[in-house]
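These notes are about the structure you will find just below.
The values are calculated or read from the model by the stated rules, or taken from the named source; none is laboratory data. All values reported here derive from a predicted model rather than from experimental measurement. We place every Cβ from the backbone using ideal geometry, glycine too, and count neighbours over all the protein chains shown. Each accessible area value is taken on the protein alone, full model and side chains, heavy atoms only, with ligands, DNA and RNA left out. Shrake-Rupley method; radii C 1.70, N 1.55, O 1.52, S 1.80 Å.
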Amino acid sequence: MSLPIPDLSPPAHPIARLPQEWEACLQAWGEPKYRARQVFEWIHKRGVLDPEQMSNLPKSLRSRMAEEGAGWPLRLVSAHPSSDGTKKLLLGLNDEERVEAVLIPQPDSRIVTQCVSSQVGCAMGCVFCASGVAGLKRHMNAAEIVAQVLLGRKQLGPDQRVRNVVFMG
């Protein structure tokens, strides 16, 4: 009889968990299954990662989530709007690296396309591009990629919505 190999990988950042992963996580913490949907909606529908703001969750669960590392894996450093409505976002990662995301509104529409980074730097080495000159530093993880979309949504006007996501890198 062979013993199962334990999963030694670090737990997924809360923003990167799928609904079924939230179910398994919360059930392991002794929470009812329906809490997974509540947490997932706070994060992905409302863009809230601070457990203290998740008002329909019990205080004990909010505390546990805070202890487990809920929070943003990146931050908005600056936003640079253009005259055509395009907005470039400079984002700081938790390891002090920086990447860009871009919001591109469609003319005469509420629809916005968002370009997100999938890596820090670039391996192509194009001399006309700052990312290419800097070289590839690392790939981004799922939490960092999803967080770009959530932070981008916070930069939209009340009548706008991200409909398309394009990956750079």
Next on the checklist: Test of understanding: express the Cα radius of gyration of the stretch 43-169 as a ratio to 2.2 N^0.38 Å, with N the residue count.
Outcome noted: 1.17
Item to check | Cys with no candidate disulfide partner in the chain (beta-carbon separation under 4.7 Å rule) | outcome: CYS25, CYS115, CYS122
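Considering only protein heavy atoms and a 1.4 Å probe, what is the carbon-and-sulfur percentage of the accessible area of the stretch 20-167? Let's see the in-between values first.
On the way: 4240 of 8350 Å².
Result for the stretch 20-167: 51 percent of the exposed heavy-atom area is carbon or sulfur.
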Checklist entry - For the peptides 80-89, 108-117, what is the packing order when you average, over each peptide's residues, the other Cβ atoms within 10 Å and list the highest mean first? => result 108-117, 80-89
Next on the checklist: Assuming a strict under-26 Å limit between Cα atoms, what lysine pair count do you get for the chain once near-sequence pairs (fewer than 8 apart, same chain) are dropped?
Outcome noted: 11
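Restricting to DSSP loop positions (anything but H, G, I, E, B) with no more than 10 other Cβ atoms inside 10 Å of their own Cβ, which GluC sites (Glu not before Pro) remain in the stretch 80-169? Display every interim value, and only then the final one.
Numbers: sites: GLU96, GLU97, GLU100, GLU144; in loops: GLU96, GLU97.
Sites meeting the loop and neighbour criteria: GLU96.
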Checklist entry - Roughly how large, in nm² to one decimal, is the mean projection of the convex hull of the alpha-carbon atoms in the stretch 96-169? => result 5.5
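Between ALA123 and GLN53, take the C-beta separation as r, use R0 = 30 Å, and let me know the FRET efficiency to the nearest 0.05. It would help to have the intermediate numbers written out before the result.
Values: r = 39 Å, r/R0 = 1.30.
Taking R0 as 30 Å, the efficiency between ALA123 and GLN53 is 0.15.
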Item to check | Probe 1.4 Å, accessible area per residue of the stretch 30-169, Å² | outcome: 57
Item to check | Principal axis box of the stretch 22-100, alpha-carbon based, largest edge first, Å | outcome: 50, 27, 20
Checklist entry - How much of the DSSP beta bridge set in the chain is antiparallel, as a percent to the nearest 5? => result 75
